[in-house]
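**Student:** My structure is below; once you've seen it, I'll send some questions.
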2 protein chains.
Amino acid sequence: MTDAPGDAWGDTRARVEQAALDLFTLKGFEQVIIDDVAAAAGISRRTFFRYFATKADAVWGDFGTHVARLERLLADTDPAEPVLASVCAAYVEVNDYAEADLPLLRERMQLILTEPALLAHSQLRYADVDRVVAEHVARRTGTTPAALVPRLVAASTRAAATTAFQMWLADEGSSLTVQLHQTLDEMARGFPTLRP
Amino acid sequence: MTDAPGDAWGDTRARVEQAALDLFTLKGFEQVIIDDVAAAAGISRRTFFRYFATKADAVWGDFGTHVARLERLLADTDPAEPVLASVCAAYVEVNDYAEADLPLLRERMQLILTEPALLAHSQLRYADVDRVVAEHVARRTGTTPAALVPRLVAASTRAAATTAFQMWLADEGSSLTVQLHQTLDEMARGFPTLRP
DNA sequence: TTGCCCCTGGCACCGGGTGTCACTAACGTC
DNA sequence: GACGTTAGTGACACCCGGTGCCAGGGGCAA
């Protein structure tokens with residue numbers, strides 16, 4: 001999905017995405033209409049929908065690549081490693097962003113986790129992530145992705161990861177990697193903090 | 001929210017809800033337009049939106065009452081009981097439906113968990129549940145609802161409960177209570193099934 | 001009867017999303 | 001240089017979910 005440098009299509013898409021992100025952050029997702037984004041990006045309303053299937057999709061960047069990377073990370077894990085640990089490690093690693101990319105990520109996640117329409121939409125995107133994780137766990141445990149444990153691991157780890165993102169957003173100075181590690185650990189170990 | 005018997009408003013609302021549920025199940029959520037539901041219920045399109053704020057809301061019944069009941073159950077838990085256990089128990093109890101209500105619940109949940117638009121919408125409804133659970137955990141642990149553990153417990157238990165519902169839907173003959181118990185336990189105990 | 005209130009339907013409108021068509025700027029071919 | 005092809009674009013009409021507004025109509029009390 002990432003295009004060669006100088007590619008007009010990818011350039012335009014990036015420009016539209018930037019315009020959308022800026023406007024959404026500035027005025028709120030619901031308050032911005034497609035015509036605003038299109039105008040800011042110098043294209044027509046119709047063309048906007050050629051780059052993004054929905055208004056919400058303009059916020060997600062190349063999330064498909066992200067999911068594909070997670071899938072690869074999971075496939076490459078050491079079979080000797082405990083399944084749950086492998087999933088947690090992959091979650092941490094796939095979210096190991098370069099310092100320079102963090103501000104953009106923060107802007108994206110801030111929108112996704114606070115704007116109701118985007119929060120709802122996120123469920124559809126995360127379904128892919130769940131599928132990938134459940135398939136991995138099923139492979140490792142000799143069951144099917146529809147079995148309890150694969151489904152549960154996928155749902156729980158995603159819940160923990162989302163919580164980690166919320167904590168990261170709330171604390172400007174914190175490290176996303178640390179937050180993910182801490183949150184996934186707390187859950188995977190059965191909430192040691194709460195034990196008497 | 002439940003109205004006195006003979007109440008015309010509550011009767012109409014129930015009739016619209018039934019019509020919506022039937023049509024959605026029969027033809028699929030996206031394939032049914034509001035005019036179809038309105039016609040089937042003998043009202044106008046405009047009136048539909050006086051009973052339900054959105055198309056999706058017609059599927060949820062009196063979910064607000066449900067959340068309120070969960071809140072009460074959590075408030076009434078024994079302070080000596082471990083926090084996580086109290087949340088799991090409350091989740092199980094609030095979903096302890098009468099035998100006669102199970103078919104309707106199954107129809108609702110089938111729609112919510114399989115129709116993309118409804119799955120997305122569910123995130124907004126569940127936000128209330130998360131808030132209630134996080135507040136409970138915060139109270140019990142002397143922190144705030146925005147702290148890591150309250151948020152994480154809310155997110156994880158909901159993930160587990162959702163998984164339990166999926167398993168229940170997939171197995172026609174199973175018990176929802178048993179599924180919830182099993183799934184919440186598996187997660188709360190740190191996934192004993194996966195331990196070497 | 002009159003006035004009030006609530007429920008209702010009709011209508012116009014907004015905004016996200018789609019299908020269709022016509023235009024234009026590349027580009028290679030003869 | 002004329003030609004057909006192709007991809008990207010904009011304009012337009014349309015669908016559908018959702019809302020604001022106003023006009024009726026039935027019950028009910030004074």
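**Student:** Hey, can you tell me all the residues within the stretch A:152-178 that are within 10 Å of another protein chain (Cβ to nearest Cβ), of a type in the set (Val, Ile, Thr) and touching a residue at least 24 places away in the same chain (Cβ under 8 Å)?
**Tutor:** A:Val153, A:Thr157, A:Thr162
**Student:** Specify the residue that is surrounded by the most Cβ atoms within 10 Å (Cβ to Cβ); the eligible residues are those in the stretch B:184-194 that are within 7 Å of chain A (Cβ to nearest Cβ) and in a helix (DSSP H, G or I). Don't jump to the end; show me each part of the working.
**Tutor:** Going through the stretch B:184-194, the residues within 7 Å of chain A (Cβ to nearest Cβ) turn out to be B:186-191, B:193-194.
From what is left, the residues that are in a helix (DSSP H, G or I) are B:186-188, B:193-194.
Numbers: B:Glu186: 21, B:Met187: 28, B:Ala188: 21, B:Thr193: 13, B:Leu194: 19.
By that ranking, first place goes to B:Met187.
**Student:** With the condition kept exactly as written, say whether any residue in the stretch B:60-73 is within 14 Å of DNA strand D (Cβ to nearest atom), touching a residue at least 12 places away in the same chain (Cβ under 8 Å) and surrounded by 14 or more Cβ atoms within 10 Å (Cβ to Cβ).
**Tutor:** As a first pass, look at the stretch B:60-73 and keep what is within 14 Å of DNA strand D (Cβ to nearest atom): B:60.
Filter once more, so that each one left must be touching a residue at least 12 places away in the same chain (Cβ under 8 Å): B:60.
Now narrow it down to the ones that are surrounded by 14 or more Cβ atoms within 10 Å (Cβ to Cβ): B:60.
Yes.
**Student:** May I ask you to verify whether B:Leu21 is within 16 Å of DNA strand D (Cβ to nearest atom), loosely packed, with under 14 Cβ neighbours inside 10 Å, hydrophobic (A, V, I, L, M, F, W, C) and closer than 30 Å to B:Thr177 by Cβ? Please lay out each step first, then the result.
**Tutor:** Numbers: within 16 Å of DNA strand D (Cβ to nearest atom): yes; loosely packed, with under 14 Cβ neighbours inside 10 Å: no; hydrophobic (A, V, I, L, M, F, W, C): yes; closer than 30 Å to B:Thr177 by Cβ: yes.
So B:Leu21 does not fit the description; no.
**Student:** Answer yes or no as to whether B:Asp96 is more than 18 Å from B:Arg125 (Cα to Cα), surrounded by fewer than 19 Cβ atoms within 10 Å (Cβ to Cβ) and in the same structural domain as B:Gln110 (by TED's automatic domain parsing). Working first, answer last.
**Tutor:** Details: more than 18 Å from B:Arg125 (Cα to Cα): yes; surrounded by fewer than 19 Cβ atoms within 10 Å (Cβ to Cβ): yes; in the same structural domain as B:Gln110 (by TED's automatic domain parsing): yes.
Yes, satisfied.
**Student:** Only one of these is modelled with pLDDT under 95 and either under 18 Å from the mean Cα position of the chain (by Cα) or at positive phi (or both): B:Asp62, B:Asp57. Name it. Quick ask: steps written out before the conclusion?
**Tutor:** On the way: B:Asp57 fails: modelled with pLDDT under 95.
After applying the criteria, what remains is B:Asp62.
**Student:** Same structure, new question: What number goes with the only condition from (1) more than 10 Å from chain A (Cβ to nearest Cβ); (2) touching a Gly at 6+ places or on another chain (Cβ under 9 Å); (3) buried (at least 17 other Cβ atoms within 10 Å of the Cβ) that B:Glu135 does not pass?
**Tutor:** Against the list (1) more than 10 Å from chain A (Cβ to nearest Cβ); (2) touching a Gly at 6+ places or on another chain (Cβ under 9 Å); (3) buried (at least 17 other Cβ atoms within 10 Å of the Cβ), B:Glu135 comes up short only on (2).
**Student:** From A:His181, A:His121, grab the single residue that is more than 8 Å from chain B (Cβ to nearest Cβ) and touching a helix residue (DSSP H, G or I) at 6+ places or on another chain (Cβ under 8 Å).
**Tutor:** Values: A:His121 fails: more than 8 Å from chain B (Cβ to nearest Cβ).
Criteria check complete, one pass: A:His181.
**Student:** Just checking, does the stretch B:3-12 include any residue being outside any helix (DSSP H, G or I), away from DNA strand C (no atom under 14 Å from the Cβ) and within 14 Å of chain A (Cβ to nearest Cβ)?
**Tutor:** The answer is no, given that none of the residues of the stretch B:3-12 is outside any helix (DSSP H, G or I), away from DNA strand C (no atom under 14 Å from the Cβ) and within 14 Å of chain A (Cβ to nearest Cβ).
**Student:** Hey, another quick one. Farther than 30 Å from B:Pro196 by Cα and either away from every other protein chain (no Cβ under 14 Å) or within 12 Å of the chain's Cα centre (by Cα) (or both), is that true of A:Pro103? Before you say what the answer is, go through the steps one by one.
**Tutor:** Values: farther than 30 Å from B:Pro196 by Cα: yes; either away from every other protein chain (no Cβ under 14 Å) or within 12 Å of the chain's Cα centre (by Cα) (or both): yes.
Answer is yes for this residue.
The values are calculated or read from the model by the stated rules, or taken from the named source; none is laboratory data. Since the structure is predicted, the reported quantities are computational estimates derived from the model, not experimental observations. Every residue, glycine among them, receives a Cβ derived from its backbone with ideal geometry; neighbour counts consider all protein chains shown.
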